[in-house]
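One structure is given below, encoded as structure tokens.
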Amino acid sequence: MAKKKKRNQGIEVEHKRSDRQPRTPSPASANQRMYTILDYRLEKPSFTVRQVRTTDGVSYQLTGALDAPVPPIRESRYLSRKQHIEIYRWMLLNRKMEAALENLYKQGKVVGGVYFGLGQEACSCASAYALNKEDWLGPMIRNQGSMLVRGFSARDIMMQYMAKAGSPTRGRDASSHFGDTQDRNVVAPISTLGDLIPVLAGVALGARLQGRNIAVMTYIGDGGQSTGVTYEGLNFAAVQDLGLVLFVENNVWAYSTPSDMQFRVKDLAERAIAYGIPGVIVDGTDPCQVYDAAHQACERARRGEGPTLIEAKLMRMKGHAIHDAAEYVPKPLFEYWRKRDPIARFEDYLLKVRKWLTPTENRELISGVDQQLDADRDFAVASPMPEPESAAGGVYCENGCHEIRPKYATPKVKAGPAARVKPGSKESEAAVHLK
Ligand SMILES: Cc1ncc(C[n+]2csc(CCOP(=O)(O)OP(=O)(O)O)c2C)c(N)n1
Ligand SMILES: [Mg+2]
């Protein structure tokens, strides 16, 4: 009975720890329920982006306190000095690798587009850093930092974007749709938004059936969380007490739709109340807050107590992908978040506040990252493309041993607008057979 009570009040559980917040005042009436959401932030940004319809289309109007002082980094309760520096290095590698990818794209070496996590490095890197080896990760396309932390190299990611023969998918995909279910416990990103949530819940269920509780971490955006499958997956994890750690990366934009057009709750962490699970808010530009929340959620997952929803507030500092110049974003919003840059603030924290890195050590660390990236980029650029004849193999199975026979072989009519085919003509008969 006592256990049941604790479970049903899951949202309260986190507050019994050392960062206890003032008790919620008694409800004014017995009919009124009160819920609390743990909020780690040292600053609560207050701005709104509203869509304004004009005769030419739409634009976005920004209002709010944009000159607020930049918040400090919140001291971590768990991370050692060494771990701080490791996370800082991952964040640098994440950013510099994406800058290198942008250059490769501009040199025409990338096949397809490039997706960036600029401004989101703290969230990607510090969250994945909280996972143990036997836990699982399901990154989204912007979480390239998480993939680095989980053991993929910048070389793997660059080769993948260039569709090289030696890339993780051997040239079968040209962005980050790759994982490793054998060694690194990484489910490949799924572009259908929200679908990773039930998949990761399933991974946790699979582990449970083998007698283990593990943490399974995945991400969803402020836009993607609107999908039905997000509800289904998270609700399933909640009722089954599966160890899902869901980061809702609220980066203000879903492509060109501002979050104000996406949901009406004040904070997306409030959604946790409806699932009956803990909801936490962190400043997604502060790696210490991200790590601490992720660590607590992972520990809860490993204890078999169920999922946690962590909303990370941050900003997508580029367009949706390289083809999107993000012209629709009001410029002062970029200014506001640039002052809250996760890497510059963490660097400042390590050098000036904690004094855990001297300027010389920092320069050495940065040049080590640069050297590693240069070597990875040169290797990736020089490596060969796959042989065209190999294209059909290794798509549906790892070894490429399954022959895929084309059902209809070479088209008998030239592809072209269907309207041009005259009804009743020979070509139209062939077109019917081709369907
Ligand atoms: C189910 C589904 N609907 C639509 C899309 C097309 N789509 C790809 S990314 C995107 C916007 C995603 O925004 P958000 O979830 O906020 O993530 P962010 O890009 O900000 O990281 C959309 C609509 C999709 N991939 N899947
Ligand atoms: Mg978004």
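Comparing Ala122, Gln144, Tyr105 along the charge dipole axis of the stretch 88-189, the residue lying farthest to the positive side is Tyr105, per the Cβ-charge model.
Put Lys164, Lys109 in order of accessible area, highest first, and with a 1.4 Å probe you get Lys109, Lys164. Accessible surface comparison of Lys331, Lys106, probe 1.4 Å, protein chains only, largest first: the order is Lys106, Lys331.
Using alpha carbons only, what's the Rg to Rh ratio of the stretch 89-147 with Rh from Kirkwood? If you can, show how the numbers build up before the last one.
Working: Rg = 12.5 Å, Rh = 12.2 Å.
In the stretch 89-147, Rg relative to Rh is 1.03.
Largest to smallest in accessible area, the residues His295, His84 fall in the order His295, His84 (1.4 Å probe, all protein chains included). Distance between the 7 Å Cα→Cβ label points at Gln107 and Gln51: 4.1 nm. By a 1.4 Å probe calculation restricted to protein chains, Ile190 has an accessible surface near 50 Å², given to the nearest 10. A cut-off of 5 Å between modelled amide H atoms, ignoring neighbours fewer than 5 places along the same chain, links Ala254 with Ser259. From the square roots a ≥ b ≥ c of the eigenvalues of the alpha-carbon gyration tensor of the stretch 255-313, which class results: rounded (a/c under 1.5), prolate (a/b over b/c), or oblate? Taking the square roots of the gyration eigenvalues as a ≥ b ≥ c, the stretch 255-313 is oblate. Tyr291 contributes an accessible area of around 20 Å² to the protein surface, as traced by a 1.4 Å probe with all chains present. Label point of Leu62 set 7 angstrom out along Cα-Cβ; within the stretch 310-327, amide nitrogens under 19 Å from it belong to 313-321, 324-327.
Rounded to 0.05, the FRET efficiency of the Lys331 and Thr181 pair, given R0 = 51 Å and the Cβ-Cβ distance, is 0.75.
In order along the stretch 385-391, phi translates into HN-Hα couplings of 7, x, 5, x, 5, 8, 4 Hz, rounded to whole numbers, per the Karplus curve 6.51 cos²θ - 1.76 cosθ + 1.60 with θ = phi - 60° and x for Gly and Pro. Solvent exposure of Leu66, expressed as accessible area, is near 40 Å², computed with a probe of 1.4 Å over the protein chains only. Expressed as a whole percent, the proportion of Cα-Cα pairs in the stretch 214-273 lying more than 19 Å apart is 29%. Residues whose amide H lies under 5 Å from that of Tyr219, counting only those 5 or more places away or on a different chain, are Met140, Phe247; hydrogens are built 1.01 Å from N in the peptide plane. Rounded to the nearest Hz, the phi-derived 3J(HN,Hα) couplings of the stretch 266-280 under the Karplus curve 6.51 cos²θ - 1.76 cosθ + 1.60 (θ = phi - 60°) are 5, 10, 5, 4, 4, 4, 4, 4, 6, 8, x, 10, x, x, 10, where x marks glycine and proline.
The residues of the stretch 222-304 expose on average 30 square angstrom of accessible surface per residue, using a 1.4 Å probe on protein heavy atoms. Among the GluC sites (Glu not before Pro) in the stretch 294-335, those placed in a DSSP loop whose Cβ has at most 11 other Cβ atoms within 10 Å are Glu327.
The values are calculated or read from the model by the stated rules, or taken from the named source; none is laboratory data. None of the values given here were measured: they were computed from a predicted structure. When we count neighbours, we look across all protein chains shown, and the Cβ atoms used for this are built from the backbone with ideal geometry, even at glycine. Ligands, DNA and RNA are excluded from the accessible area calculation, which covers all protein heavy atoms including side chains. Shrake-Rupley method; radii C 1.70, N 1.55, O 1.52, S 1.80 Å.
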